[in-house]
There are 2 protein chains.
Amino acid sequence: MKTRDKILLSSLELFNDLGERNVTTNHIAAYLAISPGNLYYHFRNKSDIIYEIFQEYEKLVDFYLDIPEDRPMTLDDMTFYLESVFDGLWSYRFFHRDLEYLLDRDPRLRSDYREFTNRCLSAISRIFEKLADSGIIEPQPESLRGAMSLNVWLVITNWMAYLKTAHAAKASASLSLHELKQGIYQVLTLEIPYLTPAYREQVMSLREQYRPTMPNQEEKREAPVS
Amino acid sequence: MKTRDKILLSSLELFNDLGERNVTTNHIAAYLAISPGNLYYHFRNKSDIIYEIFQEYEKLVDFYLDIPEDRPMTLDDMTFYLESVFDGLWSYRFFHRDLEYLLDRDPRLRSDYREFTNRCLSAISRIFEKLADSGIIEPQPESLRGAMSLNVWLVITNWMAYLKTAHAAKASASLSLHELKQGIYQVLTLEIPYLTPAYREQVMSLREQYRPTMPNQEEKREAPVS
DNA sequence: GTATTATTAGAGTATATACTCTAGGGAGTC
DNA sequence: GACTCCCTAGAGTATATACTCTAATAATAC
């Protein structure tokens with residue numbers, strides 16, 4: 001693998017594990033056993049590394065949230081969207097942790113992220129619309145759908161922070177993808193009141209699969225749906 | 001005012017305006033026109049300053065969220081809780097911005113914050129319970145109430161981050177308390193499906209008072225309810 | 001007044017961090 | 001062999017940051 005790609009990969013790994021704030025360019029170089037000079041040959045500065053990683057993240061989520069317009073939406077589709085979004089969140093989890101600081105430091109990132117959020121909000125809203133078309137949820141007026149989508153977004157993007165700050169007793173408590181996906185339980189909680197009788201039971205039992213286990217009573221098991 | 005209190009006050013102000021990460025102890029001392037030595041005479045380190053500020057925050061919110069058990073809950077009570085919580089969030093807004101980093105650095109803070117979150121979640125759940133007792137919302141089973149409360153908490157604590165990252169086009173865009181309180185609109189959105197017919201109209205029109213104005217079309221006006 | 005204690009100034013320090021600069025190796029081409 | 005281009009090493013630097021140390025001054029107690 002090319003040094004440039006190795007830098008991106010290792011940076012992401014270190015950022016995710018330690019937080020961007022705790023990872024210096026010298027750390028990254030040392031981790032890869034290359035010289036700082038080498039790193040700076042490939043990237044002008046730390047911001048450029050982060051920006052490029054963000055672009056990968058963006059591409060991934062955009063790909064997942066591409067809503068097919070030629071067919072109705074199924075429950076499986078919805079599950080797929082939820083699973084995918086949380087997978088993406090997991091792979092680039094450093095990003096939301098230091099979001100405000102990162103955006104303050106890099107205007108490109110700020111502006112790109114703003115648009116990214118808007119695209120995601122539109123996608124969520126579109127999903128609600130299509131779920132209503134399929135008779136899975138009751139149709140809602142546009143204005144309510146907007147506010148609901150925003151709430152879904154807030155829950156999704158901040159579920160991890162909740163786990164890391166309020167849930168875990170120890171700082172080093174290793175967070176698992178499985179725990180992260182319990183966020184799906186929270187998202188489905190938002191949908192409950194809007195479910196149609198025809199699908200109510202199905203969605204409720206889907207939701208049940210993501211029910212959080214008690215903190216520190218975590219049992220090791222596979223994610224319920226893949 | 002005593003130097004010690006001045007340090008706490010100015011630190012909070014600087015943290016809120018610039019972010020804890022961008023405020024050094026030397027900055028604080030310079031801002032107060034005192035020497036670093038003086039600052040370190042009053043506080044052993046930066047963490048101690050932050051910890052003490054957190055304790056004030058905690059005290060404030062605990063005070064606001066004290067639910068009186070001797071009388072039913074009114075809509076005005078609910079409005080008061082929402083307004084108060086967002087006021088507190090505003091006054092100590094630096095805190096949630098760098099939460100993860102702060103908790104990683106100070107184990108006392110981590111453990112206190114964990115308990116603080118749990119108290120808040122209980123209070124929210126208790127509010128839902130009493131709102132049901134008063135016939136404002138439909139009663140819900142305990143398990144649903146818990147998940148709903150958590151969603152309310154996620155929306156409340158992360159509304160500000162949303163405004164600062166996705167909403168504002170410029171980094172320096174000054175956030176106002178008024179904008180922050182549009183978070184109340186989002187919280188009330190969560191309640192909509194559970195409202196009883198008797199109160200539905202009233203709550204919907206309360207919610208309307210917090211409706212967000214379009215970004216950059218912000219008109220200067222007072223917060224609708226005080 | 002004197003002893004004691006609380007407070008303050010301000011220079012200084014150890015460490016870290018993002019980044020630079022120069023020199024050179026290796027591979028391909030003519 | 002010489003030239004070029006891409007890549008790499010590694011010492012080095014300017015700046016920042018959290019914090020220390022000593023000495024002096026103000027406040028208080030007796």
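Since every read-out is calculated from the coordinates, none of them should be taken as a lab result. Remember, predicted model here, so these are calculated numbers, not experimental data. When we count neighbours, we look across all protein chains shown, and the Cβ atoms used for this are built from the backbone with ideal geometry, even at glycine.
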ask   = Using the reciprocal of the averaged 1/r over all distinct C-alpha pairs, how large is the Kirkwood radius of the stretch A:51-106 in Å?
value = 12.7
ask   = What distance in nm separates the simple spin-label points at A:MET1 and A:TYR40, each placed 7 Å from Cα in the Cβ direction?
value = 2.5
query = To the nearest 20 debye, what is the magnitude of the charge dipole of chain B about its Cα centre, counting +1 on the Cβ of each Lys and Arg and -1 on the Cβ of each Asp and Glu?
reply = 720
request  = Shortest first and in nm with one decimal, please list how far the A:PRO36 label point sits from its counterparts in the other copies (point 7 Å along Cα→Cβ).
outcome  = 2.1
request  = Output the relative contact order of the stretch B:1-43, whole-number percent, from Cα pairs under 8 angstrom with separation of 6+ residues.
outcome  = 38
query = Over the protein assembly as shown, how many percent of alpha carbon pairs lie in each 20 Å bin up to the one with the longest distance?
reply = 22, 58, 19, 1
inquiry  = Please give the charge dipole size of the stretch A:1-133, origin at the Cα centre, charges +1 on K and R Cβ atoms and -1 on D and E Cβ atoms. Round to the nearest 20 debye.
reply    = 660
message = Rounded to two decimal places and with Rh computed the Kirkwood way over Cα pairs, what is Rg over Rh for the stretch A:46-208?
response = 0.98
remark   = Restricting to Cα pairs under 8 Å and 6 or more apart, the percent relative contact order of chain B works out to 18
task = Take peptide A:184-196, look around each residue's Cβ out to 10 angstrom, count Cβ atoms belonging to other protein chains, and average those counts.
result = 3
query = Between copies, how far does the label point of B:ARG71 sit from its twins, in nm, shortest first, when each point is 7 Å from Cα along Cα→Cβ?
reply = 6.0
message = Counting only helical runs of four or more DSSP H residues, what would the 222 nm mean residue ellipticity of chain B come to if each run contributes -39,500 (n - 2.57) and the total is spread over all its residues?
response = -21000 deg cm²/dmol
Positive-end residue, the protein assembly as shown charge dipole about Cα centroid, Cβ charges, pick of B:TYR81, B:ILE124, A:PHE54 = A:PHE54
query = Kirkwood Rh, Cα Rg: Rg to Rh for the stretch A:1-122?
reply = 1.04
note = In whole Å, largest first, the alpha carbons of the stretch B:1-60 cover along the principal axes 30, 23, 20
key: Cα-based reach from B:LYS164 at 16 Å (exclusive), listing lysines while leaving out same-chain residues under 8 positions away   = B:LYS181
ask   = Taking every residue in A:153-163, how many Cβ atoms of other protein chains lie within 10 Å of its Cβ, on average?
value = 5
query = Per-residue mean of other chain beta-carbon atoms within 10 angstrom of the beta-carbon, peptide B:98-104?
reply = 6
